[in-house]
Structures are given as structure tokens and as C-alpha cells.
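Laboratory data are not the source of any read-out in this text; all were calculated from the coordinates shown. Since the model is a prediction, treat every value here as computed from it, not as a measurement. Cβ coordinates were reconstructed from backbone atoms using ideal geometry, including for glycine residues, and neighbour counts include every protein chain displayed.
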Amino acid sequence: MILNRHFILTTLLGITPLLTLAEEKPEEAAAENKPKAGHSHQGEAFNEGPRHSALPIEGTGQISFPVQCAWGEGQQFFNQGVGQLHGFWYYEAERTFRQIASRDPKCAMAYWGMALANWENEKRAKVFIKKARELKEHASEHNRRYIDAQANYLDGEPKDAKKRKQELIDDLESIIQDYPDDLEARAFLCVRLWQFGRSGLPIHSHQAVDAILQQIFAVNPRHPAHHYRIHLWDNKKAKVALNSAAKLGHTASGIAHMWHMPGHIYSKLKRWDDSAFAQEASARTDHQYMITRRVLPDQIHNYAHNNEWLCRNWMTLGRAHDALGMARSLLANPRHPRLNTISKGGRSAKYGRSRIFEVLKRFELWDETLRLADTPYLEPTSKREEQLKRLRLLGHAHFGKESLDGVRSVDQEMAKLLNTATEEREKVEKEAREKAEKEKKNEKDTKKLVKEAGKKPGEWVSSVEKARQALSCFVALLENNHEEAKKHLGAVQGDKYTLARLHLRAGDPEKALSLSEEAVKNGEKRVLPLLARIEILHATDKKEELKKAFDLLKPISAYLDPEAPPVARVMKIAGDLNLGDWQAKPLVREDVGERPSLDSLGPVAWTPPAAHDFALPNGEGETISRKDFQGRPLVLLFYLGYGCLHCAEQLEKFAQGAELFEKAGFEVLAISSDSEGDLRKSREKWEKDGGSFPFPLVADPAMHVFREWSAYDDFEKAPLHGTFVISPGGQVLWHDISADPFMDCEFVVKEGKRLLQLHGRDL
């Protein structure tokens, strides 16, 4: 049945069934060598990365890097691309260099730039530098030196990593010696020295590298190489780079990473408020760009890391609900199998889930925890480790709310996990024993095999048992059974200051005092340990020490969230002690440089951009517009019409999933690059063969809508496959634009429903 439907779909799209080899015509054989629809004619390396035109962007750095380019704007764009490289904004840098190559295909340095934009992807970089080498006769001698240096590095033997790194350093030094006015060679030399210093080619003198950077700043004080100076001193002596931290954001204000990096220095110096400013500026700059350019968050280098760092900074300052908001926003970002999943490290979903657990638990936001328990933020998961982590948090929340029934309900869920875990261990041990018997193993070897087989499942059993012990501790505390609570207290997971509070409640003030003191020492200039310390000192009537604790808290108290329970309790203590206006005011330092208004940089969280409107013919004398679907969620497909077998496969998948979309309340609309006449003929063929296509098709032969929705390769002047999820209010919640069509209907529906729930169906 599927094959028949697929045949009908290929007919619908005007695709002729494949001929046998004996019947194959020369022109058809030649066509086989052409790239698949949506793929680049330049090769697979060009299928990845941005495929939409670059625009001039303000704030990419004061760069002067002369190149030979026939395109009038080529020099401006090349300087922009180099600035983006200095800001590690590799995605946008590649877009900029591609723009140059599309306007001047003979510009060798455009391909050099693409190679450097793929510094972390040598497979692609080799393709681009090879192209640069092929074109280097069109470059100046100065530019050829850059091309050869990078080509030699990429062509070097991987096993001789140290040698190829040293040769690149030597080549860059040679360029500097022969072209002493070249600041960019100095900048690239410094970043390579730092990068290689982390991977087998040690920096013998940080001061010597700094001296090279100072040569750059003597000529151009606002050069974005301040970025490299921060990296140079970050893990060595952060204070040295304070001047660069103050300047970096202004050197390239349009690049989010340049706002982020000063946060490294400020964090090392425990200046959490300054670090928070840096990370928030980074977040807002990124979000403004992504919403405007319709780029998914996790397509950007270090995006998620920058934002989870902001979340940590806010936690450190006591800005509990701000931190919770950022963690929630990370979880509300679009997910994508290639870019952002709960299992991928360094991505929004993974970081967001980690941080939301931390914020809720550390600030005892139990009402929020229980409210979020059945939402996409904290919903049950099939990943057992994550589910156990969730149940631990819910158990703690119920304990915090003094709900004995709540704790016991969580224990029942854990008991189910334990039963499953025990059965799994018993099963693998039984299988191992039976295998040993078949192989006639002796008793000693049999026991060894059984033990080995049950080791990993046994570790999981132990994890669940320990989690249940923690719940036993909570039950005992709620029942005022202190001796029983102490037996299980070691199974409770938490920071020392959290455990200190529990020991106090269990009737062990000395242990509570000891743990809280350790927590304060280990968490220098952090508010949470001090909040717990103050509570415990107050409860144990340690008046002199209590005063000292308030003295330590005051300098870092400016941003405390009074709605967070630990803060509220300490503020009550302060009131009982008649401390008056004891909180500090936000500190304004003179060594941070002039700072922009944060609101001027963009929104603090990603929000879905507005969908473009369109009205297109369906080949039956009717016009269908996006607004026809207003008030209902819409899945929008862009397919490439005639000759695209991939598109036939996608339409087949989505046609089969029609019921799935209908049950979820999603409409589906497909936009073809076919003419209206071809679309009409295709539909007639479909209906003639007895088909009834489950969703409407419309024609966009001029590809105006393809272009507006970015389902179009601006560099190769060809349409791309596109899949979009549109909210009832007309916002683009999710998209995939690529060389190949997106095939997973279930993912589209699941992700669409998740985003609708998080952002609101009326969005």
C-alpha cells in the first residue's frame, strides 16, 4: 500500500519512475551526476552552514584587512567577516564570506574565510581552503601567504599535530615580519598561541603574547583582539585583563560573545554583578539577532553556555526568580534533532533542565516546583536517571511544604522504579547464569560472570534505594522522629548549606553550625551559604557570629530576591534584630567602562518571530493565504516540485501522518515551486489514480514566498526544503531549512505541542 501511494506521489510531483540501466538515456545518466534537489552544486561541504545572504552588521569591530575582490562591497564585508572570526561568531562569519564568494566567485580569500569559520570542523575547512588555493592566483602575495599557511596546517598529518601547529605559528610570524603593519596577523597569531597552548603546544611566556597584543592596541585601541587577551589571562591572572574586560563589548558590540567574555574575568574576581551584566548583554544581543534573522538559538556558538552562565550569576547574587526565568527560557527554546535535544551537552535543553533543578531546590521555590511538575518544564520523562532526579526534587518540594502525603506519593513512584530496576538486575543475572551453565563454567567463574552482568543494573538499583532513603529522612523529620531521620540524612542530595538546615531540624545544631561554616568558606561572596548560616546562627543564639555573618552578607546583598523563601526568612530575622536598612545598594565601579542600557540591546529571552503573510493559488481557481489558518496551529511545508524524489518522500510521510496532525489540532499546507498549471496537472493525476490528498497544495513558481521565508539558497539561487510550525496567532515556533526535507512527523507534532504549551496557544 505504501509503495502504491509513493508511486502516486511521484506521479503527483511529475517524477518519472526510474528506468532500467538498459533503458537509461545519456541525458538521464548525466542528470545522475547533478546534486540532489536542495543540495549545493559545489559539494556536500556547502550543504551545511548558512545559505541565506549576509547583511552589513554594525558592531563587528574596527578591522582593516585588504583583499582583492571584484565586488564593490567585498572589502567592507571581508572586514566584517574577520571581525566575526575574532568574535568566534563562526556561523555568521561563514555567511559573510559566502556572500563575498557569491558576488565574486574568484575571490580566493572568501574561501579562506570560510575555512577559518570552520576552525572546529576540519573536514569542511579542508574543502574551503582547497578552493582558496585553486583561486589564489587572483589574490595578492600578502593574501596568498595566509592561504598557504592555513592550507599547510590543514594538510598536515594528524599524528604530527604538534609539528603542524608549530608550522602555523611560524608562518604567521613570517607574515608579521614581512608585513609589519599587518595587525590581523598579530591577532591570529595570539589566538592560535592560546588555542594551541590548550592542546599540546604550551605558552612559555604569557607576558610575551600580551606584548604582541599591546602592539595591536597601540595602533588600534579598540581592536577586538581584547577578546584574546581575556582568554590569555583568564586562567592565569584574571586581574591583568580587567582593562580588556571593560573595553571588549564596545570593540564589537554587535557580537554577543564579546559581551560574554568579560564575564570570565569578573567571575574569576568574584564580581558577580559585573559578570551578570556581561552575560545579560550577551543574551540580549544574541536574542535580538536570532529573532531578526530567524536563526534557531542553538545554531549559535556557545549560545546556551552564555545563558546558563547568566542563570548561575543570578543565582549567586540571589536573583532567584530572574534565574528561574532564564532556566525556563532555555527549556522553552525550540528543540531540533541536530541542534538541541535533552541529551546533547552544551545545548539549551540540557543546560535549562540542569539549571531549573538548581534554582528551584537552592531557593526552596516549592510552590513553583509543584506548579511546574506536570508542564514541559518538569514533566515525567522516559529517561530513568532524569525521572529519578525529578522525583527527588518533588519529594523535597513536598517536604518543604510539610506534606507527608505528598512525600509518600513520590515514594510510591520511586517504588515502581525500584521494582523495575530490581527485575532488570535479576533478569541479566539469570541470563548470565544460564549462559555460564551452557558453557559449563565452574562455580567461581559463574559467580564472576553473574556479578559482572549485574554490576551496572545493581548501581541503578542502589541509586533508587538511596533516593528512597532520602524520602525516609523527610518522612521522619515531618513526624519529628529525629533519630530515624539522622539514619537516612546521608542519602539526601544537596549543598552543604541545605544539609546544614536539615541537621538543625534533626536536632543536631553542632553539625549544622559546622556544615554552614564550611559552606560559607567554600562559597566566598555567594549569598546562599550566608543565608543558611544566618538562619542557623539565629536559631542557635550565636549573637556575635550572627552579626559577623550579616556583615559578610551586606556587601553582596543588593540584588536579593525578597520573594525567595531563604531571603524572606533572613529579612525577617533582620527585622527582628532591628538592623534597619542593612542591604547594600548596587555598586557602580569606575573600571568597567561606559555601558549601554541593557534594554537597548534586545530581549532577555528568545521569542518566536512573526510569520510572513502570503496568498497563493491552489491550481483550482482558489487562493489560499496564511491568514486562512489564523486561530489554528499550522505546519507549513516548502517542497521543490518536479523532479524532487525527497519531496515525494516527505509528502508521503506527512500524508500518512494526516490523522496524527488532525488529532493534535494542526493544519498542514504545502507550498510548491511548481507553476499553477503544473500543480493543477499533478492534482488531476492524483485524483485520476483514486487519491485524495489530505492537505492543500499551493504554487509559488516565482518563489517569492520561498525567498521571504528563507526556504531559498541566496547564494546558488535555488529553493530549499523547509518545514515550519506556526502558532494560531501567527508566530514561527519552530523551523527546519536544509538541503534535505524534514521527515519526522511525530517530532513536529510533539515539539509543536510542547512549544504551544510553553509560549501559549494564543501567541
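Could you work out the helix-only [θ] at 222 nm for the chain, with each DSSP H run of four or more residues adding -39,500 (n - 2.57) and the total divided by the number of residues, to the nearest 500 deg cm²/dmol? Calculated at 222 nm, the ellipticity per residue is -18500 deg cm²/dmol. A cut-off under 13 angstrom between Cβ atoms defines the neighbours of residue 121, and their net charge, with Lys, Arg +1 and Asp, Glu -1, is -2. Normalising the average separation of contacting C-alpha pairs (under 8 angstrom, six or more residues apart) by the number of residues puts the relative contact order of the stretch 380-493 at 27 percent. Each residue in 222, 319, 51 was given a count of other beta-carbon atoms within 10 angstrom of its own, and listing them fewest first yields 222, 51, 319. For the stretch 208-270, the alpha carbon positions stretch 32, 30, 13 Å along the principal axes, listed from largest to smallest. Ranking 235, 172, 196 by how far each Cα lies toward the positive end of the dipole of the stretch 142-239 (charges on Cβ) leaves 235 at the top. With R₀ fixed at 41 Å, the C-beta to C-beta distance from residue 431 to residue 479 puts the FRET efficiency at about 0.45. How large is the direction-averaged shadow of the alpha-carbon convex hull of the stretch 306-390, in nm²? Its Cα hull, projected and averaged over all orientations, spans 5.3 nm².
Global size of the chain: 30.6, 97 Å for Rg and Dmax (C-alpha atoms, Rg to one decimal, Dmax whole). Each Lys or Arg adds one and each Asp or Glu subtracts one; over the other residues with Cβ under 11 Å from the Cβ of residue 185, this totals -3. Straight-line cross-link reach from residue 547 at under 15 Å between alpha-carbon atoms covers these aspartates and glutamates, not counting any fewer than eight positions away in the same chain: 517, 535, 576, 581.
Could you size up the charge dipole of the stretch 615-759 around its Cα centre, putting +1 on the beta carbon of Lys and Arg and -1 on that of Asp and Glu, and report it in debye to the nearest 20?
So the dipole magnitude of the stretch 615-759 works out to roughly 380 debye.
Each Cα pair under 8 Å and six or more residues apart adds its sequence gap; the mean of these over the residue count of the chain is a relative contact order of 13 percent.
Equivalent-ellipsoid semi-axes (√(5λ), Cα gyration tensor) for the stretch 61-113, whole Å, largest first?
Equivalent ellipsoid semi-axes, largest first: 16, 12, 8 Å.
For the pair residue 569 and residue 465, how long in nm is the line joining their label points, each one 7 Å along Cα→Cβ? So the two model labels end up 3.2 nm from each other. Computed with the Debye formula from one identical point scatterer per Cα of the stretch 47-272, without solvent, the log10 of I(q)/I(0) at q = 0.07 Å⁻¹ comes to -0.21.
Each peptide in 719-726, 143-150, 617-624, 505-512 receives the mean, over its residues, of other Cβ atoms within 10 Å, and ordering these scores from highest gives 719-726, 143-150, 505-512, 617-624.
Packing order of peptides 534-544, 79-89, highest average first: 79-89, 534-544 (average count of other Cβ atoms within 10 Å over each peptide's residues).
Taking the centroid of alpha carbons for each part, the stretch 628-686 and the stretch 332-384 are 34 Å apart. The calculated pair-distance distribution of the stretch 380-493 uses every alpha carbon pair, bins of 10 angstrom beginning at 0, and gives 15, 36, 24, 16, 8, 2 percent. Considering the dipole of the stretch 615-759 built from charges on the beta carbon (Lys and Arg +1, Asp and Glu -1) around the Cα centre, which of 644, 729, 621 is farthest to its positive end? Of the options given, the answer is 729.
Quick one: if the Förster radius is 30 Å, what FRET efficiency do residue 142 and residue 203 give, using the C-beta to C-beta distance and rounding to 0.05? The pair residue 142/residue 203 has a calculated efficiency of 0.65.
Using only Cα atoms, what is the ratio of the radius of gyration of the stretch 615-759 to 2.2 N^0.38 Å? Normalised Cα radius of gyration, the stretch 615-759: 0.99. Distance from the C-alpha centroid of the stretch 395-446 to that of the stretch 98-133: 54 Å, rounded to the whole angstrom. Comparing 743, 710, 756 along the charge dipole axis of the stretch 618-763, the residue lying farthest to the positive side is 756, per the Cβ-charge model.
Counting other Cβ atoms within 10 Å as a rough exposure proxy, the listed residues 230, 556 run 556, 230 from fewest neighbours to most. Dipole magnitude for the stretch 47-272: computed about the Cα centre from +1 point charges on Lys and Arg Cβ and -1 point charges on Asp and Glu Cβ, it is near 860 debye. For the stretch 240-349, the fraction of C-alpha pairs farther apart than 20 angstrom is 39 percent. Computed about the Cα centre, the dipole magnitude for the chain is approximately 2340 debye when only Lys and Arg (+1) and Asp and Glu (-1) carry charge, each at its Cβ.
For the pair residue 627 and residue 702, what calculated FRET efficiency results from E = 1/(1 + (r/R0)^6), where r is the Cβ-Cβ distance and R0 = 22 Å, to the nearest 0.05?
0.65
Approximating the spin labels as points 7 Å out from Cα along Cα→Cβ, the residue 420-to-residue 121 distance works out to 3.6 nm. A simple spin-label model places the labels of residue 448 and residue 379 4.8 nm from each other, with each point 7 Å out along Cα-to-Cβ.
Relative contact order of the stretch 615-759: what whole-number percent is it, with Cα pairs under 8 angstrom and at least 6 residues apart?
30 percent
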